[in-house]
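*Asks:* There's a structure below that I have some questions on.
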Amino acid sequence: MKLSEYATYDGIGLAELVACGEVTTAELAATAQLASDAVNPQLNAVVETWPAEDAPTPGSTPLAGVPFLIKDLAVAMAGKRTELGSRLAAGNVAGADSSLMARFRRAGLVTLGRTATPEFAYSTTTEGVLYGATRNPWDPARSPGGSSGGSGAAVAAGIVPLAHATDAAGSLRVPAAANGLFGLKPTRGRTSMGPDADEVFNGLAVHGVLSRSVRDSAALLDLVHGPEVGDPYTAPQPERPYAQEVTRSPGSLRIGLVTQPWGGRAVDGAVLDATLRTARLVESLGHRVTEVSVELGVDWEEFVLANARLWSTNLVTWIDGFAAALGGPVDSTTLEPETLASYAYGQRVGGAEFVHALAMRNSVARAIGRYFTGHDLLLTPTLPELPVPLGTYAEGAEGADGLGWIRQVLHRSPFTAAFNVAGTPAMSVPVESDPASGLPIGIQFAAGYGREDLLFRLAGQLEQAAPWALRTPAVWAGAQQTT
């Protein structure tokens, strides 16, 4: 199979070729490796590849035989390294599959490697010391976002049609927006963090996927959702498969429009214009859009402070665990400055302060939940700016403590984190781009707890009304001559 042909298919399309015998799983895996060889040197999105281990029965699932990549964090594949983008965890090898990895195997995906992440996923750009900066395929001088930036760049460049991602404050939706992809953050409890963790970042983090088509994301969520024994959260079971929702009419939805982020930072003109164009598109599809003000439940500084306390105290346990297991020191030889500063900050957080941070989570969840009693969805920009040049996050971060670093991260992505705190689903849809630069612009839609069905219905409708599949980045496996 030629790369120019391979890169035009989404995951379901490739699985259909396998099911009807036009290509084999082995041929697809070999082509994906060629795609990685062709474009990854320009992007640094994939940090390790390995030969295909699984040979699923063709046609056994909608994604059987599809090449796949996992993020270097939060999912463990037996016998493979899981290093969390950190020198402290370098060489760490998983002893067994995590619950989600086992479900990826049962879904028929053929996992061929792992993708770059910032150290301990503690940023929304992917510029780590261990493997170096990952570059955006639309403009290699710019960031692909993070913390699932490696997955985003790999999917956007055509290495694989979909890849694993996580999201604790926007880490899936940010790279979806930066790379022109579809990315849906599921409801808290929709996918399992087991067996080694009951929750990550006190329930703020979830697993998901980045894809080029809505139907791929829906099909994979159908195959992997649901609790494992001992999980602390159980999201409501969907009424029907999400794959069916993609082609189901959403009816006339009540959608609130928010163009100014919590925290009050400015939104770039190109992003604001794209958001307003999307609002008009949504209205033309029969939905009712009204400008709204959504209360966060706490003021912005309290929100930032509480997130910093939750994130940093969790970070302390991760770092201490890897230091004890692998024998490495906790200092500048193993950790990046922002991580080390956040570790020190987390060590100073007291028990009462931690409990107050959990109370913030409750306040935000109640406030966001009240909004969805009167509206079906919320529409915002995913990011307030176009993908930023590499190095932007480091500007002004010198000497910042853990609170200062989280303030910087949330300043760069102020629209996304509230839905992690609330536990509600949200998606970034690549319906727009900047006319001047051609860079993608993601538009975020959020729904009430457990209502991924509404998001998939609208996403399917938007994909038909404003198709994005033919837009390809400057670094694109489909443009290579390799056969």
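The values are calculated or read from the model by the stated rules, or taken from the named source; none is laboratory data. Worth saying up front: this structure is predicted, and the values here are computed from it rather than measured. Note that we place each Cβ from the backbone using ideal geometry, even for glycine, and neighbour counts take in every protein chain shown.
*Asks:* Anything in region 24-44 that is crowded, with 20+ Cβ neighbours inside 10 Å and either within 22 Å of Leu470 (Cα to Cα) or free of Cβ contacts under 8 Å to residues at least 60 places away in the same chain (or both)? List them, or say none.
*Replies:* Once the filter is applied, which keeps residues that are crowded, with 20+ Cβ neighbours inside 10 Å and either within 22 Å of Leu470 (Cα to Cα) or free of Cβ contacts under 8 Å to residues at least 60 places away in the same chain (or both), region 24-44 yields Leu28, Thr31, Ala32, Ala35, Ser36, Ala38, Val39, Asn40, Leu43.
*Asks:* Read through the list (1) part of a loop (DSSP other than H, G, I, E, B); (2) modelled with pLDDT of 95 or more, then give the number of the only condition that Arg114 fails.
*Replies:* For Arg114, the exception is condition (1).
*Asks:* Taking the residues in region 200-253 that are farther than 22 Å from Arg173 by Cα and small (Gly, Ala, Ser) as candidates, determine which candidate is modelled with the lowest pLDDT.
*Replies:* Gly230
*Asks:* Another question, then. In region 172-201, what residues are in contact with a strand residue (DSSP E or B) (Cβ under 6 Å, 6 or more places away or on another chain), assigned to a loop (DSSP other than H, G, I, E, B) and more than 26 Å from Phe322 (Cβ to Cβ)?
*Replies:* Gly180, Leu181, Pro186
*Asks:* With Asp331, Asp320 as the choices, which residue is at pLDDT 95 or above and under 20 Å from Ala397 (Cα atoms)? Give the steps one after another, and end with the answer.
*Replies:* Values: Asp320 fails: under 20 Å from Ala397 (Cα atoms).
Asp331 is the lone residue from the list that is at pLDDT 95 or above and under 20 Å from Ala397 (Cα atoms).
*Asks:* Which of the residues spanning region 462-483 are buried (at least 22 other Cβ atoms within 10 Å of the Cβ) and of a type outside the set (Gly, Ala, Ser)?
*Replies:* Of region 462-483, the ones buried (at least 22 other Cβ atoms within 10 Å of the Cβ) are 462, 473, 475, 477.
Answer for region 462-483, where residues must be buried (at least 22 other Cβ atoms within 10 Å of the Cβ) and of a type outside the set (Gly, Ala, Ser): Leu462, Pro473, Val475.
*Asks:* Among the residues of region 252-278, what is the count of those that are under 17 Å from Tyr371 (Cβ atoms) and in contact (Cβ under 8 Å) with a residue 12 or more places away in the chain?
*Replies:* 9
*Asks:* Counting just the residues of region 85-109 that are touching a Phe, Trp or Tyr at 6+ places or on another chain (Cβ under 8 Å) and under 17 Å from Gly208 (Cα atoms), which one comes out surrounded by the most Cβ atoms within 10 Å (Cβ to Cβ)?
*Replies:* Selected residue: Leu109.
*Asks:* Report, by residue number, each residue of region 202-229 that is more than 15 Å from the chain's Cα centre (by Cα), of a type outside the set (Gly, Ala, Ser) and part of a loop (DSSP other than H, G, I, E, B). Working first, answer last.
*Replies:* The initial filter retains those residues of region 202-229 that are more than 15 Å from the chain's Cα centre (by Cα), namely 202-203, 215, 219, 222-229.
Narrowing the set further to residues that are of a type outside the set (Gly, Ala, Ser) leaves 202, 215, 222-225, 227-229.
Those that are more than 15 Å from the chain's Cα centre (by Cα), of a type outside the set (Gly, Ala, Ser) and part of a loop (DSSP other than H, G, I, E, B): Asn202, His225, Pro227, Glu228, Val229.
*Asks:* For region 230-250, name all the residues that are buried (at least 19 other Cβ atoms within 10 Å of the Cβ) and part of a helix (DSSP H, G or I).
*Replies:* Once the filter is applied, which keeps residues that are buried (at least 19 other Cβ atoms within 10 Å of the Cβ) and part of a helix (DSSP H, G or I), region 230-250 yields Tyr242, Ala243, Glu245.
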